[in-house]
Amino acid sequence: MLPPDQPPDKTLDSDFSSVTTDEQSVADGSMMLAPGLEYAVADAGRFNRWTVAAELVRGTRKRLEKSAVLESYLPSLDAESLAVAARFFSGLVFPRHDMRVTQVGGSIVFAALESLSGIDPELLHDRYVELGDAGDLARTLFVARRASGLTLPEVGQLFAEIAATRGSAAKRALVEALLAQVGGGEAQYIVKLLLGSGELRIGLKEAQVEDAVAKAFTQPIALVRRATLLRGDIGETAVLAQQGLLESASLALFHPIGFMLASPLPTAEAIVEQMTAPFAVEHKYDGIRAQVHVGEDRVAIFSRTLDEITHGYPDLMEALSHLPHGTVLDGELLAMDPADPLRALPFRILQRRLGRKTPGAEVLAEVPAAFVAYDVLVANGELVIDEPYQQRRARLEAIAWPDPRARLAGAEIVHSPVDVERMFTQARESGDEGLIVKSLDSPYTPGRRGKSWVKLKKAEQSLDVVVTGAERGHGRRAGVLSDYTFAVRTSETDPSLLTVGKAYNGLTDVEIAALTERFRAITVEQFGRFHQVKPEVVLEVTFDMVQPSARHKSGYALRFPRIVRIRDDKPAAEVDTLATVKRLAGE
């Protein structure tokens with residue numbers, strides 16, 4: 001073990017071989033974790049010590065060994081450092097409920113790396129292609145530097161300053177100044193955190209951090225998860241666990257809660273076979289999922305990505321403010337027919353409202369919105385997600401819904417495939433996507449996809465995919481990024497992405513122009529006409545069939561893919577998986 005005052009740069013930055021050896025030992029189980037962790041926890045509040053723990057996590061694929069790293073490291077931290085460390089391990093720069101974002105894309109990071117390293121851009125690009133990770137590139141550039149000695153709270157504060165700064169030039173100056181003072185390991189994870197979109201790519205998710213916090217401080221995992229749910233911050237949860245105060249965690253309105261997800265099933269017969277009859281059936285609406293928080297003097301709307309979108313729906317504020325205070329609702333934002341407030345319009349009409357910070361009077365008049373509620377998470381200020389669906393539904397039905405702009409979704413209790421088919425036909429005739437089927441005794445499980453909620457969609461096959469690359473088109477599209485390479489997740493537990501195809505049909509010129517600006521802002525690297533982009537733009541694509549392909553890493557390709565819509569309501573962490581692709585391929 002290194003003495004606490006020994007400079008860490010020789011092991012951490014100038015020569016990483018010893019840490020790599022520790023990682024390999026962790027991976028093959030040939031030694032205990034303690035030696036590497038003892039090194040990591042000396043002066044544990046320093047950011048470079050955190051990076052050693054992160055590399056040990058990255059160095060093993062075994063879930064228990066990843067957890068063991070955190071269990072050994074987290075108790076060594078003071079409260080302020082612990083909160084930051086827990087967020088960083090979860091891939092978060094700020095708490096989930098915090099609406100701040102750094103707004104730092106690949107172009108800013110690469111400009112800073114190029115300026116600091118003095119390396120020719122083409123050589124820098126080749127090195128990045130070889131490594132495949134911008135953080136790993138940053139490490140190699142600054143491997144000979146001594147570690148900075150920055151603490152975790154200091155790095156957190158520097159991220160806050162970057163988030164508060166406006167303008168790409170000013171942000172780049174701050175990023176460059178930060179990278180200029182740190183060693184290779186620190187630079188590696190600063191870049192990962194800035195570009196990670198909630199994913200460090202070290203095989204660690206927030207749920208695993210929760211498990212480790214519970215074990216590190218000998219607390220019940222149920223209390224840990226509940227505190228994170230109530231407070232919206234894994235960092236605050238870790239501190240409460242450290243202090244033995246998890247039971248004191250109280251609900252904080254306006255901290256968005258993860259959405260419960262439904263698993264797809266292909267037919268009414270499959271639904272009845274899996275679900276225990278009777279069960280509830282609701283329409284699957286053609287809008288965007290939303291969560292509404294109603295307080296005494298504030299109403300807030302959050303998207304499926306947990307971003308606040310209240311500003312885009314001023315026409316709903318009056319209707320929502322009449323709902324009981326201390327309520328959190330799950331539901332759908334829909335575009336409504338101006339001539340008939342009960343008739344929903346297709347999603348493509350609602351798209352005119354998406355992304356607008358201040359929709360004008362003309363848009364509000366032409367595309368009025370409504371919120372249709374189909375579940376309740378908080379009632380009278382108390383979390384009710386553990387109650388069975390039927391009890392939560394009764395709570396919804398007890399609420400007065402006087403304004404059609406905020407109304408209760410219909411639901412029917414059914415028993416048979418015939419009932420399901422009848423309701424599916426009704427949903428299609430109403431212009432809805434399909435059905436959501438819910439077990440009557442199902443609790444509301446945020447962020448999880450289980451068997452107690454299933455969905456039956458339109459017969460047309462489709463996948464939700466995330467764009468990994470955008471390319472300039474040809475002819476009249478030569479000046480825009482109109483051809484999109486897209487991927488699915490490897491599995492529900494493995495977020496690594498596997499390419500399944502490329503599409504350039506289905507979007508309007510206006511949509512393509514808007515996406516071009518987005519993709520240029522999140523470009524990680526450019527190869528001629530092709531832009532490698534941060535995987536955060538989700539598309540729904542339809543296709544003729546799934547076929548085997550040696551061209552794509554997934555082993556499959558979509559035949560004649562066409563873009564159905566842009567899914568800004570869906571985070572990249574929830575795109576479809578390879579298992580779904582295989583199922584659609586008939587395997």
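The values are calculated or read from the model by the stated rules, or taken from the named source; none is laboratory data. What you see is a predicted model; the values in this text were computed from it and never measured. FYI the Cβ positions are ideal-geometry reconstructions off the backbone, even for glycines, and counts take in every protein chain you see.
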Selected residue (only one of G132, G149 is buried (at least 16 other Cβ atoms within 10 Å of the Cβ), at positive phi and not assigned by TED's automatic domain parsing to the domain that holds Q532): G149
So which residues in region 59-86 are surrounded by 20 or more Cβ atoms within 10 Å (Cβ to Cβ) and basic (K, R), if there are any at all? K66
Kindly check whether there is at least one residue in region 113-131 that is within 24 Å of E536 (Cα to Cα), under 22 Å from the mean Cα position of the chain (by Cα) and of a type outside the set (D, E, K, R). no
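Yes or no, residue by residue, for (1) touching a residue at least 40 places away in the same chain (Cβ under 8 Å); (2) in contact with a Cys (Cβ under 7 Å, 6 or more places away or on another chain); (3) within 28 Å of R61 (Cβ to Cβ); (4) surrounded by fewer than 18 Cβ atoms within 10 Å (Cβ to Cβ):
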| position | (1), (2), (3), (4) |
| --- | --- |
| V155 | yes, no, yes, no |
| A170 | no, no, no, yes |
| A187 | yes, no, yes, no |
| L204 | yes, no, yes, no |
| V213 | yes, no, yes, no |
| F217 | yes, no, yes, no |
| P220 | no, no, yes, yes |
| V224 | no, no, yes, no |
Restricting to region 530-587, name every residue that is part of a loop (DSSP other than H, G, I, E, B), more than 20 Å from Q461 (Cβ to Cβ) and of a type in the set (A, V, I, L, M). V537, A550
Taking the conditions exactly as written (modelled with pLDDT under 90 and under 21 Å from the mean Cα position of the chain (by Cα)), does D568 satisfy them or not? yes
Just checking, which of L141, L158, L152 is more than 18 Å from G105 (Cβ to Cβ), hydrophobic (A, V, I, L, M, F, W, C) and under 24 Å from the mean Cα position of the chain (by Cα)? L152
For region 117-153, how many residues are assigned to a helix (DSSP H, G or I) and in contact (Cβ under 8 Å) with a residue 12 or more places away in the chain? 16
Against the definition (within 22 Å of V384 (Cβ to Cβ) and not in a loop (DSSP other than H, G, I, E, B)), how does K438 come out, yes or no? yes
Selected residue [within 30 Å of V418 (Cα to Cα) and either outside the structural domain of I436 (by TED's automatic domain parsing) or touching a helix residue (DSSP H, G or I) at 6+ places or on another chain (Cβ under 7 Å) (or both)] from V299, V292, V281: V281
Modelled with pLDDT under 90, touching a Leu at 6+ places or on another chain (Cβ under 9 Å) and surrounded by 21 or more Cβ atoms within 10 Å (Cβ to Cβ), is that true of V488? no
Restricting to region 389-416, what's the tally of residues that are part of a loop (DSSP other than H, G, I, E, B) and among the hydroxyl-bearing types (S, T, Y)? 1
Does D432 satisfy being surrounded by fewer than 20 Cβ atoms within 10 Å (Cβ to Cβ) and among the charged types (D, E, K, R)? no
What residue, among those in region 466-510 that are aliphatic (A, V, I, L, M) and assigned to a loop (DSSP other than H, G, I, E, B), is nearest to the chain's Cα centre (by Cα)? L507
Filtered residues of region 82-114 (kept if in contact with a helix residue (DSSP H, G or I) (Cβ under 6 Å, 6 or more places away or on another chain), of a type in the set (G, A, S) and farther than 19 Å from A227 by Cα): G105, A111, A112
Residue under question is R395, and the condition is that it be farther than 24 Å from T305 by Cβ and not acidic (D, E); does it hold? yes
Residue count for region 426-465, restricted to those that are modelled with pLDDT of 90 or more and over 30 Å from the mean Cα position of the chain (by Cα): 1
Quick one: is T228 touching a residue at least 12 places away in the same chain (Cβ under 8 Å), more than 19 Å from D78 (Cβ to Cβ) and of a type outside the set (A, V, I, L, M)? yes
Given (1) at pLDDT 95 or above; (2) more than 30 Å from G355 (Cα to Cα); (3) part of a helix (DSSP H, G or I), index of the condition G235 fails: (2)
